[in-house]
Structure formats: C-alpha cells, structure tokens
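Data first, discussion second: the structure below is written as structure tokens.
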Amino acid sequence: MNRTRLTPHFCLEELLFSQQAVRHGIGNTPPGSALINLSRLAEVLERIRAAVGNRTVTVTSGYRSPALNQRIGGSRASAHMDGRAADIVVRSMTPLQVARAIQGAGIALDQLIFEGSWVHVGIAKVGEPSRGDVLTAHFGPDGVKYQRGIVAA
C-alpha cells in the first residue's frame with residue numbers, strides 16, 4: 001500500500017484512519033485546508049515523539065469529517081474536523097506520563113488534554129497564537145468536565 005509520508009514517522013493515512021468511519025460507512029476524506037493542517041500536526045507529533053524518548057506515538061483519532069465527528073459525539077467545534085488535533089497513546093507509557101512529558105517539553109500547543117486513556121493534542125489555526133490550554137478531562141454522568149492542569153485521577 002502506498003503511504004503519503006508527511007514527516008519521517010507519520011503518514012497521512014494514519015491521521016485519516018477511523019475504525020468508526022469504516023464500521024459505519026462514513027467518508028473521511030479531508031478538504032485541502034485540512035491537509036495543510038495535518039502536515040503541521042505531523043510536525044508537532046514529531047516533536048512529541050522526541051519528548052517521549054523517541055517511542056512510537058500511535059494516533060487513535062486524527063482527522064474527522066463532520067459526519068464522523070457527529071457520529072462519535074465530538075464537539076461541534078472540534079479541531080479534529082479541520083485536521084488540527086490528534087488523540088494519541090504511546091506504548092510503554094501511561095497517558096499521564098505522556099501528557100506530563102509533552103507539557104515538560106514546552107511544545108507550543110493550542111490544547112493538551114489528559115483524557116484518562118489517551119492524550120488529546122491540538123494545534124492553533126494558521127496565523128493564530130496557541131492558547132496553551134493544559135487540561136484534564138473528567139468523564140461523568142453529566143458529560144465531560146475539564147480541570148486546569150494535568151491531574152492524576
């Protein structure tokens with residue numbers, strides 16, 4: 001299979017793949033503007049890879065078409081829909097360790113969210129400064145609540 005390499009360790013296909021899209025027959029082809037963002041995101045993922053000791057960073061959710069995002073219950077303003085966000089895990093590290101390593105590396109991010117089982121990283125829109133939001137998500141019966149900082153459960 002041909003892979004479109006964006007950076008040394010990340011290809012376009014891994015940032016587009018979604019089991020949910022395949023399972024439900026939902027198209028997940030990004031527009032050109034999202035492709036630009038996905039290239040920018042891959043560059044940030046390379047810096048994250050370095051921050052976690054050059055371990056493999058696995059993208060569990062990257063780009064999401066609006067239909068896919070709606071299907072999985074994503075935020076209506078999700079940065080995933082324009083290729084500016086990825087949910088990641090790193091083998092042999094807990095998500096808490098990953099979030100702390102990213103935070104400690106000083107990588108400019110719009111959002112860094114410790115989500116319990118994964119870490120969400122988001123980049124700012126082109127031409128806009130990164131907000132630098134560092135949050136912990138708490139999932140409960142009333143939905144998701146966010147707390148400032150990286151907080152162990």
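Every number here is computed from the coordinates shown, using simple stated rules; none is lab data. Remember, predicted model here, so these are calculated numbers, not experimental data. As a convention, Cβ positions derive from the backbone with ideal geometry for all residues, glycine included, and neighbour counts pool all protein chains shown.
Structural remarks
- Every helix of 4 or more DSSP H residues in the chain counts as -39500 (n - 2.57), and over all residues that averages to -9000 deg cm²/dmol at 222 nm.
- Least to most buried among 93, 81 (fewest other Cβ within 10 Å first): 93, 81
- ³J(HN,Hα), Karplus 6.51/-1.76/1.60, whole Hz, each residue of the stretch 68-80, x for Gly, Pro: 5, 4, 5, 4, 8, x, x, 4, 5, 10, 4, 5, 4
- A simple packing score, the average count of other Cβ atoms within 10 Å per residue, orders the peptides 115-127, 67-79 as 115-127, 67-79, with the highest score first.
- For residue 124, the amide hydrogen comes within under 5 Å of the amide hydrogens of 110, counting only partners 5 or more places away or on other chains and with H modelled in the peptide plane.
- For the stretch 32-153, diffusion coefficient by Stokes-Einstein and Kirkwood Rh (Cα), 37 °C, 0.692 mPa s, µm²/s: 226
- Alpha carbon convex hull of the stretch 27-96, projected area averaged over orientations, nm²: 5.1
- Burial ordering of 96, 16, 38, fewest other beta-carbon atoms within 10 Å first: 96, 16, 38
- Per-residue Cβ neighbour rank within 10 angstrom, fewest leading, 89, 52: 89, 52
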